[in-house]
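Undergrad: Sharing a structure below in structure tokens format, with a few things to ask.
Where a number appears in this text, it was derived from the coordinates with a stated rule and is not lab data. Computed from a predicted structure; not experimentally measured. For neighbour counting, all protein chains shown are included, and Cβ atoms are generated from backbone atoms with ideal geometry for every residue, glycine included.
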């Protein structure tokens, strides 16, 4: 460390003078540099300060042949200045696997050497340092330009998000639509999420999507795009058609609204004819009882009852509605509701007379 301080002092001047010149209190983009292999570190010409306790000044005194120690000066708090020597063993690693990107951020918690507060604060957006740094690196524009932004918290990819994404796909261009990708989970149900454009997402290989963003396979399948069997050009073409269909649907709605008054006028001039009900007789082969009822669609009514009780079958469907008349005539034979206990002669009479 001493050799490093000497080299930096020779190169950039006294650390205290340099610090007092700019007094870097808060960590910012200007303090950092991007090195090879996406390693982000503090610039070596950034001087920092820290507080520590100086050792006490002790003097030995001989009295009558005995050696005594006397504290000439008590230990005290003092501000120190230095160039911080970073080591690559102290870093946070962020792996954007879908994009084949990996970043190392050498943090080392600058200024924690002494008992006082750090010399380079980072405006806290999260209590988690790992989360805090990646958020700021994104805000400072130090990440790949394919990464639009980074969020954190309970950023779940739920149905509300997918509904909103579906609306955007029908309105916006691919480069203007952002897709959320989960970077990492932390804490209690929290996640770090980064956004890329739909255009970038469409460039991704299906195997990568399946491994790192599998939620979107089913989503796009439900709206007509099979990511497994399409390449970038086909996906872009699908989206262009989607936009075209949405525009045509919008024009159709506008046209309908513009001609709404004509539709209302036509409806007012049209006389509504209510469909006539037809009388029917159903037999329950399980009980032997007959149901005398009416319906606009007796065949559908039969199927509905059969779904509840398969032993029911239609015996006769009349062209007219004779329900009230038959109910009064055979009221003595009513068992319950519309169900009657009829014999073969009575049934034959009804079918011939009311045909």
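Undergrad: Run the simple label-point estimate for residue 140 and residue 25 please: 7 Å along Cα→C-beta, distance reported in nm.
TA: Inter-label distance under the simple model: 1.8 nm.
Undergrad: To continue, here is another question. Among 281-294, 162-175, what's the highest-first ranking by average C-beta atoms within 10 angstrom per residue?
TA: For the peptides 281-294, 162-175, the packing ranking is 281-294, 162-175.
Undergrad: Within 10 Å of each residue's Cβ, count the other Cβ atoms and sort 339, 188 from fewest upward.
TA: Exposure proxy ranking, most exposed first: 188, 339.
Undergrad: Label residue 36 and residue 255 with points 7 Å out from Cα along Cα→Cβ: what is the distance between them in nm?
TA: 6.4 nm
Undergrad: Can I ask one more? Under 13 Å from a label point 7 Å along Cα→Cβ of residue 95: give me every residue in the stretch 198-227 with its amide N that close.
TA: Hits in the stretch 198-227 for residue 95 at 13 Å: 212.
Undergrad: How would you rank 262, 227, going from fewest to most other Cβ atoms within 10 Å of each one's own Cβ?
TA: Going from sparsest to densest Cβ surroundings: 262, 227.
Undergrad: At what distance in nm do the modelled label points of residue 333 and residue 156 sit from each other, each positioned 7 Å from its Cα along Cα→Cβ?
TA: Distance between label points: 6.2 nm.
Undergrad: Separate question: I need the per residue convex hull volume for the stretch 149-256, using only the alpha carbons, in cubic angstrom as a whole number.
TA: 106 Å³
Undergrad: Also, I was wondering about something else. Does the stretch 278-353 come out rounded, prolate or oblate, given a ≥ b ≥ c as the square roots of the eigenvalues of its C-alpha gyration tensor, rounded meaning a/c under 1.5 and, failing that, prolate meaning a/b above b/c?
TA: Since a/c reaches 1.5 but b/c is at least a/b, the shape of the stretch 278-353 is classed as oblate.
Undergrad: Related question: Please state the relative contact order of the stretch 278-353 as a whole percent: Cα pairs under 8 Å, 6+ residues apart?
TA: The normalised contact order for the stretch 278-353 reaches 35 percent.
Undergrad: Same structure again: I'd like the antiparallel share, as a percent to the nearest 5, of DSSP beta bridges with both residues in the chain.
TA: 95 percent
Undergrad: Now, a different point. For residue 355 and residue 315 in one chain, what is 0.36 nm times their gap in residues minus the Cα-Cα distance, to one decimal in nm?
TA: Going from the current span to full extension adds 13.2 nm.
Undergrad: Still on this structure, I have one more. Would you list 315, 63, 71 from fewest to most Cβ contacts within 10 Å?
TA: Ascending number of Cβ neighbours within 10 Å: 63, 71, 315.
Undergrad: What FRET efficiency, computed as 1/(1 + (r/R0)^6) with R0 = 25 Å and r the Cβ-Cβ distance, is obtained for residue 234 and residue 163, rounded to the nearest 0.05?
TA: In this case the efficiency is close to 0.50.
Undergrad: Where does each of 12-20, 243-251 land if you order them by average Cβ count within 10 Å, highest first?
TA: 12-20, 243-251
Undergrad: Label the chain by shape, choosing from rounded, prolate and oblate, from the square roots a ≥ b ≥ c of the eigenvalues of the Cα gyration tensor; if a/c is under 1.5 it is rounded, and otherwise prolate applies when a/b is larger than b/c, oblate when it is not.
TA: Here the chain falls in the prolate category.
Undergrad: Stretched out fully, how many nm does the piece from residue 87 to residue 287 gain, at 0.36 nm a residue minus the Cα gap?
TA: Gain on stretching residue 87 to residue 287: 63.0 nm.
Undergrad: Could you tell me how far the Cα centroid of the stretch 166-195 sits from the Cα centroid of the stretch 14-90, in Å?
TA: So the separation of the two Cα centres works out to 43 Å.
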